[in-house]
Amino acid sequence: MQPVMRTDGVNPPWTMHREPLLHPEDSIYQWYCQADEEITTIYANFHGADPNRELTEINVRKCCFYPDKTGRNYITVQGFEMAQAACPWTPPTADQPGLLGVNWSKGWIIENNIIHDAKCSGISIGKEMSTGHNDCTLYHRKPGYHYQMEAVFAARQIGWSKETIGSHIIRNNEIYDCGQNGIVGHMGCVFSTIERNHIYNIAVKHEFFGYEIAGIKLHAAIDVQILRNHIHHCALGTWLDWQAQGTRVSKNLYYGNDRDLMIEVTHGPCIVDNNIFASDYNFDNIAQGTAYLHNLCCGTMRKEAVLDRSTPYHYPHSTEIAGVSFVYSGDDRIYQNIFLGGAVTYTPQSKYGTSDYNGHPASMEEYVDTITSLGNGDHEQFQSVSQPVYIDRNVYLNGAGSYEKEAVFYMSPSSPNVNISEEDGRVYLEITVEQGLLDLNTKLYATDDLGAPRITEAIFDSPEGNMISFDTDYLDQPRNAQPTAGPIETLQAGANKIRVW
C-alpha cells in the first residue's frame with residue numbers, strides 16, 4: 001500500500017502524517033498510530049523525507065514464524081533470513097510473541113539465522129497468555145510486580161517444569177535492528193543455551209521506554225547458559241531479571257553498549273566469568289549471590305539493595321519454588337577480575353572497582369556474629385546488617401578502588417589503554433599489561449571455593465549438577481595452576497593485541 005498525503009481535507013481509509021505526535025527532540029524515531037472502525041492514522045517522523053516520493057513500508061504482520069498453539073516441541077529453525085515483523089511489546093506479565101518464537105514449547109533449535117528489523121522482539125522463548133496478559137495495564141488493581149509473582153505460581157499450576165518447557169538452543173544467529181530486544185523470555189527460557197550469537201543495534205533508536213529493553217532480556221533464566229556471544233551497541237547488553245538461578249554468563253564480548261549487564265532482584269547462584277566488559281558502564285548489580293571471576297571490567301558498577309520487592313527462588317535445577325526473599329545486596333564472590341578506573345560516573349551509586357562493598361563483612365561468621373549481637377529480634381535485624389562478600393586477588397588499574405578487606409590484590413595508577421578495534425570483520429582487544437599484574441598471587445577457583453548464597457543455599461554448579469572448574473579462559477585455552485587475572489590467560493607484559501571475535 002503506497003502512502004498518500006491528503007491535502008484536500010478528504011480522508012481515505014487510512015492517512016499518513018509527516019509531523020510527529022510529540023516534540024521532535026522526544027520522538028526522533030517514534031511513530032504513533034490511532035485507529036477506529038473506518039480510519040487508521042499514522043503519525044510518523046520522516047526526518048524531512050517526503051513519504052509520497054520515498055519507499056515507506058508499513059508492517060501489519062505480527063510474526064514471521066510463530067506457532068499458533070503452545071506445546072509445539074522439538075522444532076529446528078535453521079538458515080533463514082527473517083525480517084520486518086510488527087511484533088508487539090513483550091513484558092513479563094503478558095504473552096511474549098517475537099518475530100520468531102517458540103510459544104511456550106520445549107526443545108527448539110534456532111541456529112544460523114539472520115533476524116532483523118523486529119518492531120519489538122527478535123527471538124522469543126518466553127511466556128504464554130493463560131498465566132496473565134497485561135492485567136496491570138488493563139485493570140490497575142495491583143502493580144505489575146504483583147501480577148508477575150502471580151504468573152510464576154500460575155505457571156507451576158499449568159505444568160511449568162524442565163520436563164515440559166524450555167531447553168532451547170539458540171546459536172550462531174545474527175540479530176540486529178530490533179526495537180525492544182534481540183532475545184526475550186519469561187519462564188519459557190528455562191534450561192536453555194544461548195551461544196555464539198552476534199547481537200547488535202538493539203533499541204538504539206529509543207523508540208520505546210520500558211523495563212524490558214536489552215540485547216538479551218530474560219526473566220526466570222533458571223540454568224540458562226549465555227556463552228560466547230558478541231553483544232555490542234545495544235541500549236543494554238544482557239538483562240537477567242528475577243530467578244537467575246543456576247544462570248551462567250561466560251566468555252561473552254560486550255562493548256559500545258549503554259550498559260553491558262544487569263542482574264536484578266535475584267538471589268543466585270549466578271556465575272559471570274571470563275567476559276570482556278568494555279563499555280563505559282558495565283554492571284547494574286541489583287541482586288545478590290553472584291560470582292564474578294576472571295572478567296575484564298572497563299567501566300562502572302552500580303550496586304543496590306531492593307527491600308520492597310520479594311522475589312522467588314527455587315530448589316536447585318528445578319522450577320519448583322523454595323521460597324521468596326528481598327535483595328539485601330552483597331553475598332557476591334569477586335575473584336581475579338581486572339577493574340579499570342575512569343573519570344565518568346553515571347549515577348551516585350556507580351563506582352569503578354569494588355570499593356562500594358566497603359562496610360560489608362568479609363565472612364559469614366562475621367555476619368552471623370553481628371546479627372546475634374543485636375539481641376532478640378527477627379527480620380528487621382537482617383535489614384540493618386550488610387551481607388558478607390568474598391573479594392580477593394583482583395587487579396585495580398587507573399584509579400579503580402578496592403574492597404577495604406581484600407587481602408591480596410594488585411593496584412596501579414597506570415592505564416592499560418584498553419581498546420576494542422574492528423578490522424575486516426574481526427574484533428581485537430588491545431591492552432597494555434604491567435609485569436605486576438602477571439605476578440599477582442592467584443589460584444584456580446572451582447565450585448568448592450565459592451560456597452553457597454545465603455538465601456538459596458544452592459552451590460555454584462553446572463545445570464547437570466556437576467562441579468565447575470574455572471580452568472579455561474575466554475579463548476578456551478587452559479589456565480595455569482597460578483592463572484592470569486582477567487579473561488585472557490596468555491597476556492604478556494607490554495602491548496597485547498588479541499583477536500576476540
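Side notes on the structure shown:
- Selection within the stretch 323-343 - among the aromatic types (F, W, Y) and assigned to a strand (DSSP E or B): F326, Y335, F339
- Exactly one residue among G256, G268, G330 is in the same structural domain as K205 (by TED's automatic domain parsing) and either under 19 Å from S192 (Cα atoms) or among the acidic types (D, E) (or both), and that residue is G268.
- Lone qualifier among L307, L293 - being within 17 Å of I468 (Cβ to Cβ) and touching a helix residue (DSSP H, G or I) at 6+ places or on another chain (Cβ under 9 Å): L293
- Of G215, G188, G268, all but one fail to be outside any loop (DSSP other than H, G, I, E, B), of a type in the set (G, A, S) and surrounded by 24 or more Cβ atoms within 10 Å (Cβ to Cβ); the exception is G215.
- Residue within the stretch 36-47 that is farther than 25 Å from G132 by Cα, out of contact with any strand residue (DSSP E or B) (no Cβ under 9 Å at 6 or more places or on another chain) and polar (S, T, N, Q) present: yes
- Failed condition for P487, given (1) loosely packed, with under 13 Cβ neighbours inside 10 Å; (2) assigned to a loop (DSSP other than H, G, I, E, B): (1)
- Taken over the stretch 444-490, the criterion of being more than 27 Å from W242 (Cα to Cα) and touching a helix residue (DSSP H, G or I) at 6+ places or on another chain (Cβ under 7 Å) is satisfied by T484, A485.
- Matching residues, the stretch 83-106, being buried (at least 17 other Cβ atoms within 10 Å of the Cβ), out of contact with any strand residue (DSSP E or B) (no Cβ under 8 Å at 6 or more places or on another chain) and farther than 13 Å from K127 by Cα: P88
- Against the test of being loosely packed, with under 15 Cβ neighbours inside 10 Å and either hydroxyl-bearing (S, T, Y) or without any contact (Cβ under 8 Å) to a residue 24 or more places away in the chain (or both), the options T319, T347 yield a single qualifying residue, T347.
- Residue list for the stretch 117-129, restricted to those being surrounded by fewer than 19 Cβ atoms within 10 Å (Cβ to Cβ) and modelled with pLDDT of 95 or more: D117
The values are calculated or read from the model by the stated rules, or taken from the named source; none is laboratory data. This one's a predicted model, so the numbers in the text were calculated from it and none came from an experiment. Virtual Cβ from ideal backbone geometry, glycine too; neighbours counted across all protein chains shown.
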